[in-house]
Amino acid sequence: MITESAAAQWDLELDDLFLTIGHRFGRVELRRRMRDYVRGLLAPVARKNSWQLAEQAGHATPDGLQHLLAGSKWQPDDIRDDLQQYVADKFGKCDGVLIIDDTGFVKKGITSAGVQRQYSGTAGRTENCQIGVFAAYASACGRALVDRELYLPKSWTEDRERCRTARVPDEREFATKGELARHMVLRALASPLPIAWVTADSAYGQDNRFRRLLEQSGVGSLSVAAATLLR
């Protein structure tokens, strides 16, 4: 159970994080909307859509949050870099671990980028869903998500008009989950995060190119052991 003092500490830490990334949003109203949006995502809101998040924040309409996500100019990769620096400062330890895994998000429609019927480990079955590949950092001081990539199946990357409708950049090409994981590992190793080990489940551990990247990078790998045991 979260105590009142713990909740107050969370608020202080969030304010610290907002100060860290606030410069990425050019105007004060965008910074306020960003703070409201993040706080809404962390709140016990039943559905995380713009209407309910706006209601949670006390907005009369969802227009401001919708503009933040769809119309305003800010670069999520720049914020990711700020986040990695923040996590390195707060949690960084010489024996830190980078953790790679994918997660499915069940969807009802067909317009969300990357959605199709595909296996979701989260649901434990084939579902209409999106798949995201994520990187987390963990040390004795704490843990946090530090990177992400959306998996786009070939049904999407081979349909450029569908991609444009969902605002997927034209230069985005098909990449396997393993390729997305390798990109994130390389970014993390080039970041301020001190990483001694990289771990992932057996699906990544059986990817020869993923294991070779880790070996060439000189970091310890728990995924290599997992893959070897399954052979």
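The values are calculated or read from the model by the stated rules, or taken from the named source; none is laboratory data. Owing to the predicted nature of the structure, the values given are computational and were not obtained by experimental measurement. Positions of Cβ are backbone-derived with ideal geometry, glycine not excepted, and every protein chain shown enters the neighbour counts. Protein only, heavy atoms only, side chains kept; ligands, DNA and RNA dropped before computing areas. Shrake-Rupley method; radii C 1.70, N 1.55, O 1.52, S 1.80 Å.
Enumerate the amide H contacts of V146 below 5 Å, restricted to partners 5 or more residues apart or on another chain; note that Pro and chain-start residues carry no placed amide H.
A135, A136, Y137
Measuring from label point to label point, each 7 Å out along Cα→Cβ, what is the R32 to D82 span in nm?
1.8
When only the heavy atoms of the protein chains count and the probe is 1.4 Å, how do W197, W156 rank by accessible area, highest first?
W197, W156
Given H placed 1.01 Å from N in the peptide plane, which residues other than close sequence neighbours of S191 have an amide H under 5 Å from its amide H?
So S191 has HN proximity to no qualifying residue.
What percentage of the solvent-accessible surface of the chain, computed with a 1.4 Å probe over protein heavy atoms, is contributed by carbon and sulfur atoms?
Carbon plus sulfur share of accessible area: 53 percent.
What figure in square angstrom, to the nearest 10, would you give for the accessible area of D15 with a 1.4 Å probe?
70
Can you give me the long-range amide H partners of Y151? Hydrogens built in the peptide plane at 1.01 Å from N, cutoff under 5 Å, separation of 5 or more residues or another chain.
I131, G132, V133
Using the Cα centre of segment 178-218 as the reference point, and only Cβ charges (+1 on K/R, -1 on D/E), how large is the resulting charge dipole? Debye, rounded to the nearest 20.
120
Once the piece of chain linking L19 and H183 is laid out straight, how much longer is it, given 0.36 nm per residue of separation minus the C-alpha distance between them?
Computed gain between L19 and H183 is 56.3 nm.
Report the net charge of residues surrounding R209, where surrounding means a beta-carbon distance below 10 angstrom and charges are Lys +1, Arg +1, Asp -1, Glu -1.
+1
So what are the ³J(HN,Hα) numbers for segment 128-143, from phi and the Karplus equation (6.51, -1.76, 1.60; θ = phi - 60°), rounded to whole Hz, Gly and Pro as x?
6, 7, 9, 10, x, 9, 10, 10, 10, 10, 9, 8, 5, 8, x, 8
Please sort through the DSSP H helices of the chain and keep those with an alpha-carbon extent of at least 20 Å along the long axis and a Kyte-Doolittle average not below -0.5.
Membrane-span-like by this criterion, though nothing is claimed about a membrane: 4-21.
At 1.4 Å probe size, what's the solvent-accessible area of H23? Round to the nearest 10 Å².
My reading of the accessible area for H23 is about 120 Å².
If packing is taken as the mean number of other Cβ atoms within 10 Å per residue, what is the order of 73-80, 3-10, 181-188, highest first?
181-188, 73-80, 3-10
At 1.4 Å probe size, with every protein chain present, just tell me what the per residue accessible area of the chain comes to in Å².
For the chain, the per-residue accessible area is 59 Å².
Need one value: the accessible area of D16 in square angstrom, 1.4 angstrom probe, rounded to the nearest 10.
The value for D16 is about 60 Å².
For R162 and R117, compute 0.36 nm times the residue count separating them, minus their Cα-Cα distance, and round to one decimal in nm.
Extra length available between R162 and R117 comes to 14.6 nm.
For D89 and T176 in one chain, what is 0.36 nm times their gap in residues minus the Cα-Cα distance, to one decimal in nm?
28.2 nm
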